[in-house]
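The values are calculated or read from the model by the stated rules, or taken from the named source; none is laboratory data. Worth saying up front: this structure is predicted, and the values here are computed from it rather than measured. No Cβ is skipped: glycine too gets one built from the backbone with ideal geometry, and neighbour counts run over all protein chains shown. Calculation scope for accessible area: heavy atoms of the full protein, side chains included, ligands and nucleic acids excluded. Shrake-Rupley method; radii C 1.70, N 1.55, O 1.52, S 1.80 Å.
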Amino acid sequence: MTFSLTGKRVYVAGHRGMVGSAIVRRLQSEGSEILTADRSVDLREQQDVRGWFEQNRPDVTVLAAAKVGGILANDRYPAEFLYDNLMIEANVIEASRQAQVEKLLFLGSSCIYPKFADQPIAEDSLLTGPLEPTNEWYAIAKIAGIKLCQAYRHQYGCDYISAMPTNLYGPGDNFDLQSSHVMPALIRKAHEAKLASSESITVWGTGSPKREFLHVDDLADACIHLLKTYSGHQHVNVGYGSDVSILELVELVNEVVGFEGQVEKDFSKPDGTPRKLMDSSRLAAMGWTPRIDLRQGITQTYAHFLDAAGQAGSTSSV
Ligand code: GFB
């Protein structure tokens, strides 16, 4: 049985972020009425969220709002990563139930899995071992989100599902070097080093950890596929299918950007989990696979970075 989005009022929570804005773009071809909340609605505040749902009565909720950041931001702001994400999830999921939302999709992260999970990581590895310390706060909040969806399905019969994306990148990403993930950081570093004719760029840690990268437009497409075709208790992995080491990624980004200098390593920064390649075979069996290859995705993301820099009136700050 497929769930039709045509004519449905679909609320995208987090529409200003990289993921939410990609989902809004992708929904435009579904014939849905897309609803978003403005900045006056603080998703951490229960009254704000309840009030918004009572007024707007969506049929579908996509919960893409979250406090997110790279390895350093996670490590520096554990209270915000835990509290903000718990509050957002609890408020949006409960308000969706009260407003009789027909279907809800919750978005988590591959960091929910144990630090040393068997690779590729299958969905049933959840809660089988200790988490990676640099992002355990965010991981605990995201695990709570999965469990809320499962509990609401079990107790109230709500059709709430969860998707676990791997490391994401694409247009609308955060390019701030202190708080960003590795992909936007490397794009910016390579670009600025090229402009300044620098001899080298510096990457954090040893460069040996491996990561799996998925373009956010592929994730958005997978989300629509899941909303239409999936209704089940278990969360679903959404990955690219292969991973690269950070040093391999640096090489690829440097090639795309056109930076030919050296790579220095800053060993004072953490490596994080050694590897987190997800097993996305359940999603593949449901008929979905990604389309945007890594080089093509980085090229397109760099073009967006240059556009945004141009609009900001400078090529060296975004
Ligand atoms: O993307 P990232 O910040 O987060 O870092 P995680 C990935 C890897 O890239 C780590 C290295 O080994 C970093 O040390 N790296 C090298 C850099 N240079 C840089 C740089 O300039 N900036 C950054 N940020 N990293 C996140 C979690 O973990 O994954 C989040 O913290 C979330 O909670 C996300 O789950 C998907 O992949 O290690």
Restricting the stretch 69-89 to residues that are surrounded by fewer than 23 Cβ atoms within 10 Å (Cβ to Cβ) and aromatic (Phe, Trp, Tyr), the one farthest from residue 20 (Cα to Cα) turns out to be 77
Would you check if there is a residue in the stretch 50-71 being within 16 Å of the ligand (Cβ to nearest atom), assigned to a helix (DSSP H, G or I) and at pLDDT 95 or above? yes
Residue that is small (Gly, Ala, Ser), within 23 Å of residue 104 (Cα to Cα) and away from the ligand (no atom under 13 Å from the Cβ), where the choices are 232, 261: 232
Log entry, pairs with first residue in the stretch 207-226 being polar (S, T, N, Q), second being within 15 Å of the ligand (Cβ to nearest atom) and at pLDDT 95 or above, beta carbons closer than 6 Å, six or more apart or on different chains, reads 208/245
Scan the stretch 232-262 residue by residue and report those that are more than 21 Å from residue 112 (Cα to Cα) and either exposed (fewer than 15 other Cβ atoms within 10 Å of the Cβ) or of a type outside the set (Val, Ile, Thr) (or both). 247, 248, 249, 251, 252, 254, 255, 258, 259, 260, 261, 262
Filter the stretch 26-45 for residues that are in a loop (DSSP other than H, G, I, E, B) and among the acidic types (Asp, Glu); the one that is farthest from residue 216 (Cα to Cα) is 45
For the stretch 54-77, what are the residues that are over 30 Å from residue 167 (Cβ atoms) and touching a strand residue (DSSP E or B) at 6+ places or on another chain (Cβ under 8 Å)? 56, 57, 59
Restricted to the stretch 123-138 and to residues being in a loop (DSSP other than H, G, I, E, B) and more than 11 Å from the ligand (Cβ to nearest atom), the residue surrounded by the most Cβ atoms within 10 Å (Cβ to Cβ) is 126
Take the residues of the stretch 90-122 that are open to solvent by 10 Å² or more (accessible area, probe 1.4 Å), farther than 20 Å from residue 80 by Cα and not in a loop (DSSP other than H, G, I, E, B): which is farthest from the ligand (Cβ to nearest atom)? 98
Could you list all residues from the stretch 182-217 that are under 16 Å from the mean Cα position of the chain (by Cα), more than 12 Å from the ligand (Cβ to nearest atom) and open to solvent by 10 Å² or more (accessible area, probe 1.4 Å)? 217
How many residues of the stretch 157-195 are assigned to a loop (DSSP other than H, G, I, E, B) and touching a residue at least 60 places away in the same chain (Cβ under 8 Å)? The answer is 12
